[in-house]
Amino acid sequence: MEIEAKLKQIMDVLDQIAEDSSVPRNIRRGAVDAKARLTKKDEALDLRVTSAIMIMDDLANDPNIPLHGRTLIWNIISQLETVR
């Protein structure tokens, strides 16, 4: 149950990024994609987490992302790595 709570917390932050108008549209779209990957219950948890980490890593390396957005993404990646 602890894993589900952690995933919900991560998804809440992804929603926060997706709704932040100061973040470029492609970053917001990536946050929505990462959340969609995490919610796919028909895939194994480790596969969902790895897919979300890959998406978030690509977003963190985008040169157009504001500093606060990059910090949130790094925090999400750190939290996802503890879920595996």
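Every read-out reported here was derived from the displayed coordinates using simple, explicitly stated rules and does not represent laboratory data. As the structure is a computational prediction, the values presented were derived from the model and not from experiment. With ideal geometry, Cβ positions are generated from the backbone for all residues, glycine too; neighbour counts draw on all protein chains shown.
Note that the range 17-84, at 25 °C in a medium of 0.890 mPa s, gets a Stokes-Einstein diffusion coefficient of 205 µm²/s from its Kirkwood radius over C-alpha pairs.
Packing-based ranking of 60-68, 47-55, 3-11, 27-35 yields 27-35, 47-55, 3-11, 60-68, ordered from highest to lowest mean Cβ neighbour count within 10 Å. The Cβ shell under 12 Å around K35 holds other residues with a net charge of +2, Lys and Arg each +1, Asp and Glu each -1. In the chain, helices alone account for a calculated mean residue ellipticity at 222 nm of -25500 deg cm²/dmol, with every DSSP H run of four or more residues adding -39,500 (n - 2.57). Here the relative contact order of the chain, from alpha carbon pairs under 8 Å that lie six or more residues apart, stands at 33 percent. Direction-averaged projected area, Cα convex hull, the range 1-52: 3.5 nm², rounded to one decimal.
Counted by Cβ distance under 12 Å from P24, the other residues give a net charge of +2, where Lys and Arg count +1 and Asp and Glu count -1.
Assuming charge only on the beta carbon of Lys and Arg (+1) and of Asp and Glu (-1), the dipole of the chain about its Cα centre is about 120 debye to the nearest 20. Using θ = phi - 60° in the Karplus curve 6.51 cos²θ - 1.76 cosθ + 1.60, the 3J(HN,Hα) couplings for the range 63-79 round to x, 8, 6, x, 4, 5, x, 5, 4, 4, 5, 4, 5, 4, 4, 4, 5 Hz; x is entered for Gly and Pro.
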